[in-house]
Amino acid sequence: MSFRFLKKRKPPFYDAGRIPVHIGVIMDGNGRWARKRGLPRSAGHKAGAEKLRNVTEWCGNLGIKYLTVYAFSTENWSRPSEEVSGLMSLLIEFLEKYEPEMAIQGVRLRVLGDMDSLPDNIRRALDNAVQRSVNRQKMQLIIAFNYGGRREIAHAARKISEMITQGTITPADVSEDLISDNLYLPDIPDPDMIIRPSGELRLSNFLLWESAYSELWFSDVLWPDFSEEHLRKALEDYIHRDRRYGGVKS
Ligand code: FPP
């Protein structure tokens, strides 16, 4: 299937079986985008939030069911306090500003991360937005906020240890499925593809367990410059990947 074909014939003409069900995105490069324009880093994050709004809409139109975006990592607390508080405010602004269009577009919102150590107002805003969206069915936007892959795996390990201590399971019951079932959002399928713009070639603690067989797609484009063409190119590349999951070509 050629890129041009994808462009001309929009879904439902896509081969639904080959489109990724779940895409993860590491929204990187906001700071560099701002610096190139002589703007403060906060302007880059604002442009990045606007891009998230666009990408959510494009993914919905393309038939992607789950979009997980890395908005704030467990390591991002080490940034200057003004940047951290700016990102917290931007989250609240994003949830308020785009609520009406997410409702129209049928976007259900989920949050992935360590909610317990977030400030109360942020947790409440997230909880409210998640609750309001619970019946929307077109796609799910999963915001990874105060998220770290290692922290998520530690969280699962702790829950499983408690089950062992309580005697509901034994150590022999600990399996890959049991660990998956005790991650933050066990009902979300593993990502088929992870996109990282900005030229960095690493996962940076994003979806470590879930990405075992994800296809990785990297580009030098900075996140605020990411376009629908980039998304379509990533999808075209994905469609041509040979996913063998450790097996052999059939
Ligand atoms: C990494 O790029 C980006 C982040 C840590 C923040 C990502 C946040 C957004 C895209 C805004 C949307 C967020 C919300 C809260 C809805 P960087 O800033 O480190 O870029 P750099 O590597 O070029 O400095």
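Summary table
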| read-out | value |
| --- | --- |
| Subset of segment 206-225 (residues that are out of contact with any helix residue (DSSP H, G or I) (no Cβ under 7 Å at 6 or more places or on another chain) and among the aromatic types (Phe, Trp, Tyr)) | TYR213, PHE218 |
| Qualifying residues in segment 174-204 (those that are within 12 Å of the ligand (Cβ to nearest atom) and among the polar types (S, T, N, Q)) - the one surrounded by the most Cβ atoms within 10 Å (Cβ to Cβ) | SER198 |
| Given (1) assigned to a helix (DSSP H, G or I); (2) away from the ligand (no atom under 14 Å from the Cβ), index of the condition LEU87 fails | (2) |
| Criterion violated by ASP28 - all others in (1) in a loop (DSSP other than H, G, I, E, B); (2) away from the ligand (no atom under 12 Å from the Cβ); (3) touching a strand residue (DSSP E or B) at 6+ places or on another chain (Cβ under 9 Å) satisfied | (2) |
| Members of segment 216-237 found to be in a helix (DSSP H, G or I) and closer than 18 Å to ARG202 by Cα, listed by number | TRP223, ALA234 |
| Residues of segment 91-114 satisfying the condition of being surrounded by 19 or more Cβ atoms within 10 Å (Cβ to Cβ) and in contact with a helix residue (DSSP H, G or I) (Cβ under 7 Å, 6 or more places away or on another chain) | LEU91, PHE94, LEU95, TYR98, VAL107, LEU109, ARG110, VAL111 |
| Residue list for segment 31-52, restricted to those being near the ligand (Cβ under 7 Å from one of its atoms), charged (D, E, K, R) and within 16 Å of GLY86 (Cα to Cα) | ARG41 |
| Residue in segment 68-78 that is over 21 Å from GLY149 (Cβ atoms), modelled with pLDDT of 95 or more and outside any loop (DSSP other than H, G, I, E, B) present | no |
| Unique residue being more than 14 Å from the ligand (Cβ to nearest atom) and in a strand (DSSP E or B) when the list is ILE23, ILE64 | ILE23 |
| Hits in segment 130-152 (condition: part of a helix (DSSP H, G or I), in contact (Cβ under 8 Å) with a residue 24 or more places away in the chain and more than 16 Å from THR68 (Cβ to Cβ)) | ARG132, ARG150 |
| Lone unmet requirement of (1) crowded, with 17+ Cβ neighbours inside 10 Å; (2) at pLDDT 95 or above; (3) on the phi < 0 side of the Ramachandran plot for SER81 | (1) |
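The values are calculated or read from the model by the stated rules, or taken from the named source; none is laboratory data. Only a predicted model underlies this, so the values are computations on that prediction, with no experimental measurement involved. We place every Cβ from the backbone using ideal geometry, glycine too, and count neighbours over all the protein chains shown.
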